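Reviewing the structure listed below.
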Amino acid sequence: MSPTNLPAEAKAKWLKVLEAKTPEERLRALQEFLSAVPKHKGTEKLRREIKRKIAKLRREIESIRKKRSSMRRASEFTIKREADVQVVVIGLPNSGKSGLVSKLTKAKTTISPVPFSTLKPIPGMLISKGVLIQLIDTPPLFEGISEGKAWGPQLFGLIRNADAILIVLDVKENPVMQLKIILRELENEGILIVKPKCEVKIKRISGINEIKIIGELEGCSPEDVRKLLRTYRIFGAIVKIKGKATLDDIENALFEERMYKPTIIVVNKVESEEDYKKAQLIKHYLKGKIPVLEASIKTINEQFKDKLADTILKILDLIRVYTKEPGKPPSTKPLVVKRGTKVIEIAARIHSFLYKNFKYAKVWSKHLPFSPQKVGAEYILHDEDIVEIHA
């Protein structure tokens, strides 16, 4: 869908949405904008998105009115990051996520066959090859929670702030249907778990008359983008693009508030051949777009923990780099860095002296023909490499 053919009146009303200073002003502006959007097949998706925004804003306004209880619940859902990676664990009632988190981290979660036993988030620490991964057990999702029910607003806030999502499905209770419910609730909150072909963020800047574009365009020119934004009376902005964006992608970014969260799925309670076959239905449904692991708290071991940790790091595009001082063994606690990190960046992380006075490094790696090998500052490191900096 592209809202390119919106009338000038609708585009002018959208500017009022962008300029609204209070939730109440924004709500009125969204309602006026919706009334100006023509009803036809080409605007169906846009109208749904605006209606979603209106409903969400109404819930936010209502929660402000209940500020005291809302603030108390929000504080319960504030989890301090104490690890290399933070992952929120979500699932429907009785999916077994509390037992899974407890088994993986030894956290004192609430494990009970009674639905809704977990009423607040509980963190635990998964340790694998020196990497600390904070898993947060959460109160369950349920159909309709994205409409502002129960702990919905706080839970989705927790998800947005985390690095990744771990979805737990009960293999014995129609896992495909469970996944559809969870995906629908996440989508209603603008959270994507499948990486989009491109991400576009438009930041309006008042007081300047320049539209700066950072990233690649497809099928259009920078001037086309500037002309489009000017029709919405946007004259000063920074447009940031990940991937390649079309003109439709740019325009959709004006209306859609979407956030991609790397995700892994654990199909839980897999204890028989029949359970295993059911778990494969999830893989077939997702067509390889999201990694899926089978698990049972009865059989979880160190090998599974390492596999889970490896998968989490992979979806986040992170690697482990172990540092080493001359004449000493490698550190047991790695630096967790983005894939593509160079030796000189590791030097800077260790100490400014090593960065400023860098001479060379020795690297031990399964990706090299022999180890250790002398490398320069621009050498790109791989997962589980060992690096010794010389200055």
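Each value in this text was obtained by applying a stated rule to the coordinates, not by laboratory testing. These numbers come from a predicted model, not from an experiment. No Cβ is skipped: glycine too gets one built from the backbone with ideal geometry, and neighbour counts run over all protein chains shown.
Quick notes on this one:
- Highest mobility in the GNM of the chain, judged by mean-square fluctuation with C-alpha springs under 10 Å and restricted to Leu286, Leu192, Leu141, is found for Leu286.
- Where labels lie 7 Å past Cα in the beta-carbon direction, separation of Glu216 and Thr299 in nm: 4.2
- Under the criterion of Cα pairs below 8 Å and six or more residues apart, the relative contact order for the chain equals 13 percent.
- Its residue count N sets the reference 2.2 N^0.38 Å, and the alpha-carbon radius of gyration of the chain equals 1.14 times that reference.
- Longest DSSP-loop-exposure-free segment, GluC sites (Glu not before Pro), the chain, at most 10 other Cβ within 10 Å: 211-377
- For the stretch 143-216, the set of trypsin sites (Lys or Arg not before Pro) satisfying both a DSSP loop assignment and a count of at most 12 other C-beta atoms within 10 Å is given as Lys149, Lys197.
- Under 15 Å between alpha carbons - lysine pairs in the stretch 160-243 that sit 8 or more apart or on different chains: 12
- Taken about its Cα centre, the chain carries a charge dipole of about 880 debye when Lys and Arg each add +1 at the Cβ and Asp and Glu each add -1 at the Cβ.
- Sites Lys203 and Ser331 - FRET efficiency at Förster radius 41 Å, r taken between beta-carbons, to 0.05: 0.55
- Under the span-like rule (Cα at least 15 Å along the axis, Kyte-Doolittle mean at least -0.5), DSSP H helices of the chain: 8-19, 175-188, 302-315
- The chain: calculated mean residue ellipticity at 222 nm from DSSP helix runs of at least 4, using -39500 (n - 2.57): -12000 deg cm²/dmol
- Between Asp224 and Tyr285, the simple spin-label model (points 7 angstrom out along Cα→Cβ) gives 3.8 nm.
- Among Leu335, Leu155, Leu92: highest mean-square fluctuation, GNM of the chain, C-alpha pairs under 10 Å: Leu335
- Normalised by 2.2 N^0.38 Å, where N counts its residues, the alpha-carbon radius of gyration of the stretch 197-257 equals 0.99.
- A crude spin-label estimate for the pair Thr22 and Lys41, with each label 7 Å from Cα along the Cβ direction, gives 4.3 nm.
- Principal axis box of the stretch 319-390, alpha-carbon based, largest edge first, Å: 28, 24, 23
- Neighbour-limited loop hits for chymotrypsin sites (Phe, Trp or Tyr not before Pro), the stretch 292-375 (at most 15 other Cβ within 10 Å; DSSP other than H, G, I, E, B): Phe370
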